[in-house]
1. Mind telling me which of the residues B:Thr6, B:Thr69 ends up being among the hydroxyl-bearing types (Ser, Thr, Tyr), closer than 30 Å to B:Tyr257 by Cβ and either outside the structural domain of B:Asn225 (by TED's automatic domain parsing) or touching a helix residue (DSSP H, G or I) at 6+ places or on another chain (Cβ under 9 Å) (or both)?
2. Can you find even one residue in region A:48-59 that is at pLDDT 95 or above, at the interface with chain B (Cβ under 10 Å from one of its Cβ atoms) and under 28 Å from A:Tyr156 (Cα atoms)?
3. Sort out which residues of region B:325-377 are of a type in the set (Gly, Ala, Ser), under 24 Å from B:Arg99 (Cβ atoms) and within 18 Å of the chain's Cα centre (by Cα), and write them in order of number.
4. Return a yes/no flag: does region B:153-166 have any residue that is away from chain A (no Cβ under 14 Å), hydroxyl-bearing (Ser, Thr, Tyr), over 22 Å from B:Gly15 (Cβ atoms) and more than 16 Å from the chain's Cα centre (by Cα).
5. May I ask you to say which residue of B:Ala204, B:Ala218, B:Ala232, B:Ala209 is free of Cβ contacts under 8 Å to residues at least 24 places away in the same chain and either away from every other protein chain (no Cβ under 14 Å) or closer than 16 Å to B:Ser124 by Cα (or both)?
6. If we scan region B:357-366, do we find a residue that is outside the structural domain of B:Tyr237 (by TED's automatic domain parsing) and more than 19 Å from B:Met389 (Cβ to Cβ)?
7. Here is a list of conditions, (1) within 23 Å of B:Glu417 (Cα to Cα); (2) outside any loop (DSSP other than H, G, I, E, B), and B:Gly288 meets all of them except one; can you say which number that is?
8. Give the residues of region B:149-185 that are of a type in the set (A, V, I, L, M), farther than 22 Å from B:Val119 by Cα and surrounded by fewer than 24 Cβ atoms within 10 Å (Cβ to Cβ), sorted by residue number.
Amino acid sequence: MIEGNVWKFGRDIDTDLIIAGRYCNISDPDELAKHVFEDFDPTFAGRFVPGDVVVADANFGCGSSREVAPLCLKAAGVAAVVAPFFARIFYRNAINIGLPIFELPDAARYFEQGQGIRIDPDKGTVVNLSDGTSLQAVAFPQFMQKIIGAGGLLQYAGERLRGLENDR
Amino acid sequence: MAMTMTEKILAAHAGLSGVHPGQIINAKVDLVLANELSAVVAIEEFGKIRGAEKVFDPRKVVIVPDHFTPNKDIQSAQVAKKVREFALAQQTLYFEVGRTGIEHVLLPEQGLVRPGMLVIGGDSHTCTYGGVGAFATGVGSTDVAVAWALGEVWLKVPPTIRLEFRGKKRPWVSGKDLILYAVARLGVDGATYSALEFTGEGIADLSVAERLTMANMAIEAGAKNGIFAVDAKTESYVRDATDLSYTVYESDPEAEYAQTVVFDMADIEPQVAFPHLPSNSKPVAEAGDLSIDQVVIGSCTNGRIEDLRVAAALLKGKKVHPRVRCIVIPGTQKVYLRALQEGLLETFIQADCVVSTPTCGPCLGGHMGILAEGERCVSTTNRNFVGRMGHVQSEVYLAGPAVAAASALSGQISGPEEL
């Protein structure tokens, strides 16, 4: 169960805003986390409480394919990102590295900055703890569930690689 | 079953006779690209895949250090070193500084991407290769690592949106203006998860360079890929680059499209996209009086010889406005040499431009032209997000090479017709 407070964002939050290009030669996730959302709000990293949840409007993670974007959100302690939909590369990257994301229609309409939020990742239920509204996130396609179930794409790939080698 | 080009390429690489939008497939990849920034993360991830020691086929793995090269600082040098060592150990295709260029200018030029191929790359602008009739899409580093190991990638078959450009180009309009106009119409999320297929008389008239420019920015509408039909121009371009074989796929006339958007070329003037989204485009004639500090001509969008020719023709015998820094970045060593042979570099230098070695550099705020607080830049690159080229309060205006060169001369955002 994920429970924390909401950090609210608008639409079209691009990966340059999540982590600026100038930091993309850093691979240490904890170092990256110090600069999360820096160009959006330089005080964000200092104020964000690990375990809290990002709720954004549509098209979260658009732009660059930089995997350091979901990596630094995860390292900063973002427990989940909830948005109506994600830009496709960000969506793949988040699943691949194990940053919990939830597609929730009109997500931004149901939450205000600082409100309490509880997410049941297995059931996909998202609750606004401040006003009690209970919502249902879009279920992941079966194939994605297989990747998540395997423990991420790398684990899935290891299994698949063995399968391919047995076929040869 | 009737299919689009995109669907046919995906079906062929998944070993299926047909695919439909929404279907999830495992597809064989013909080429896996990474630059030094995506590769350095992918190398870590590759090491975590149980049983993965060698890449599936070193001739189908290409690594291009181009973002922060020539190394801009120690951190970047460390990254480049790690990536170089991996490339040499794995014997992948690798282009070192001096032989390299901006990945999406380099790969088509080298004949490494050809019609009908399925290419994935650890860079969102991998979609550029749809300009030569390939299916190409950007992914993250973990997907790259897994494709290195397996030689395949899982993909959801995208619905295709057809963009039809009717009529003929107006003067000074280039592929860049068409794509800025189209992205403005679609919105930055207008094509999310979809394929964009560019069609119509207006497209047939474009050079392959302009098609690569347009496919490059399909991602700016959120698309998975952008794609163009293969014609005599494509075949001639590819034949000049390589003797390697390729397969041409055509969309069936009865193929199903999610939607068709029609553009009248008569409506499309030279464009400029205002901060801070590529979709904030308007005719340059409506830009108003906006003085500028810098111009960048180059990048994976507009760093080809054709782009440099357009800029040089406007700059020849003139001087860049005294307040403006004009930075010209040929996309590859080959483009650089060609520009030298054609006298374009002399034109640029005599016009008071600086000419840089090929690099992505300023486009993503790396180096070679970072903006200070409050500065304004007209750039032929593809993104104008907040802080993209430097200070969080700097501004990037996206345009084609003609508008960029005209603005460099006048010192404010202006179209070539105003000169």
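1. Values: B:Thr69 fails: closer than 30 Å to B:Tyr257 by Cβ.
Step by step, each of B:Thr6, B:Thr69 is checked, and only B:Thr6 is among the hydroxyl-bearing types (Ser, Thr, Tyr), closer than 30 Å to B:Tyr257 by Cβ and either outside the structural domain of B:Asn225 (by TED's automatic domain parsing) or touching a helix residue (DSSP H, G or I) at 6+ places or on another chain (Cβ under 9 Å) (or both).
2. Taking every residue of region A:48-59 in turn, at least one turns out to be at pLDDT 95 or above, at the interface with chain B (Cβ under 10 Å from one of its Cβ atoms) and under 28 Å from A:Tyr156 (Cα atoms).
3. B:Gly331, B:Gly361, B:Gly366, listed by residue number.
4. Taking every residue of region B:153-166 in turn, none turns out to be away from chain A (no Cβ under 14 Å), hydroxyl-bearing (Ser, Thr, Tyr), over 22 Å from B:Gly15 (Cβ atoms) and more than 16 Å from the chain's Cα centre (by Cα).
5. Details: B:Ala204 fails: free of Cβ contacts under 8 Å to residues at least 24 places away in the same chain; B:Ala218 fails: free of Cβ contacts under 8 Å to residues at least 24 places away in the same chain; B:Ala209 fails: free of Cβ contacts under 8 Å to residues at least 24 places away in the same chain.
Just one listed residue meets the conditions, B:Ala232.
6. Checking region B:357-366: not a single residue is outside the structural domain of B:Tyr237 (by TED's automatic domain parsing) and more than 19 Å from B:Met389 (Cβ to Cβ).
7. (2)
8. Scanning region B:149-185 gives B:Val173, B:Ala184.
The values are calculated or read from the model by the stated rules, or taken from the named source; none is laboratory data. Since the structure is predicted, the reported quantities are computational estimates derived from the model, not experimental observations. All Cβ positions, glycine included, derive from the backbone under ideal geometry; neighbour counts span all protein chains shown.
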